[in-house]
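The values are calculated or read from the model by the stated rules, or taken from the named source; none is laboratory data. Predicted, not measured: the structure shown is a model, and the values here were computed from it. Here Cβ is always computed from backbone atoms with ideal geometry, including for glycine, and neighbour counts include all displayed protein chains. What goes into the accessible areas is simple: the full protein's heavy atoms, side chains included, and nothing from ligands, DNA or RNA. Shrake-Rupley method; radii C 1.70, N 1.55, O 1.52, S 1.80 Å.
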Amino acid sequence: MTNKEKFPREEIEGRGNGDGRWLEYQLQRAFQRWGYRAEMRETVYNLEVDVVARRNKKPRKPSDWLLAECKDWESRPVTADVVYRLCMLAFTCRAMPVLCHTTTLTEEARRIARNWEVRVLTLSDLHRGALPAPSVSAPTHDLFDYPAQHTAREGRGTLPLMFHFNTENPFSYVPGFEPKDRMHRYQPIEDEAEDGPVDGGDE
């Protein structure tokens, strides 16, 4: 049975045209199961966001704070501007971005989500036992061909050259953390300087 058959829009409150409350509630419940305190429909400088969450016991990982956008759309794909807005609001709050959807993403939206390590969740992901990690690579069309498989961190490019030498205030789009490896893990910036590397890796 598909999700469309299990959760018919015409029978479920909060799934009407322009009404995303049902999916927002499902994500809020998932966050709570995963150890977060979560609230729906908060604002960031007068811009509404769907779900915000804070981990109850914070192990000092970037995912201790989450900001999520929900798109309960039947067929319209999620476009790049949706992902850009989500990232802007999440990074403003020093939170990690989460996109929960019931449709598809355009190729450009998918690429941006990978490059900025957005956690892209579907309805089936909300049944998992923990918050899924971000996607860092994509399948290829090749069969038995072995080109170099780059991850998002290796292929997304760099900052402008003049910003690379700002050692007093190192930039990361996860404030206070820097990438630990090629995939999606992080370590606190200040701990590395004071006490050596600390595993602040994300799940």
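A few comments on the model shown:
- Selection count, the stretch 19-32, where residues are open to solvent by 70 Å² or more (accessible area, probe 1.4 Å) and either closer than 17 Å to R119 by Cα or touching a residue at least 24 places away in the same chain (Cβ under 8 Å) (or both): 2
- Of all the numbered requirements in (1) open to solvent by less than 70 Å² (accessible area, probe 1.4 Å); (2) in contact (Cβ under 8 Å) with a residue 12 or more places away in the chain, R60 misses one, and that requirement is (1).
- Checking T92 against (1) surrounded by fewer than 23 Cβ atoms within 10 Å (Cβ to Cβ); (2) without any contact (Cβ under 8 Å) to a residue 40 or more places away in the chain, the condition it does not meet: (2)
- As for the stretch 151-174, it holds at least one residue that is at pLDDT 65 or above, in contact with a strand residue (DSSP E or B) (Cβ under 7 Å, 6 or more places away or on another chain) and either in a helix (DSSP H, G or I) or surrounded by fewer than 14 Cβ atoms within 10 Å (Cβ to Cβ) (or both).
- When the stretch 95-126 is filtered for residues that are open to solvent by 60 Å² or more (accessible area, probe 1.4 Å) and over 25 Å from R9 (Cα atoms), the ones remaining, listed by number, are E107, E108, R110, R111, W116.
- In the stretch 6-60, the residues that are acidic (D, E) and modelled with pLDDT under 85: E10, E11, E13, D19
- Subset of the stretch 96-110 (residues that are farther than 27 Å from R54 by Cβ and either in contact (Cβ under 8 Å) with a residue 12 or more places away in the chain or not charged (D, E, K, R) (or both)): T103, T104, T106, E108, R110
- Here A193 fulfils each of the conditions (1) open to solvent by 60 Å² or more (accessible area, probe 1.4 Å); (2) at pLDDT 90 or above; (3) not in a loop (DSSP other than H, G, I, E, B) apart from (2).
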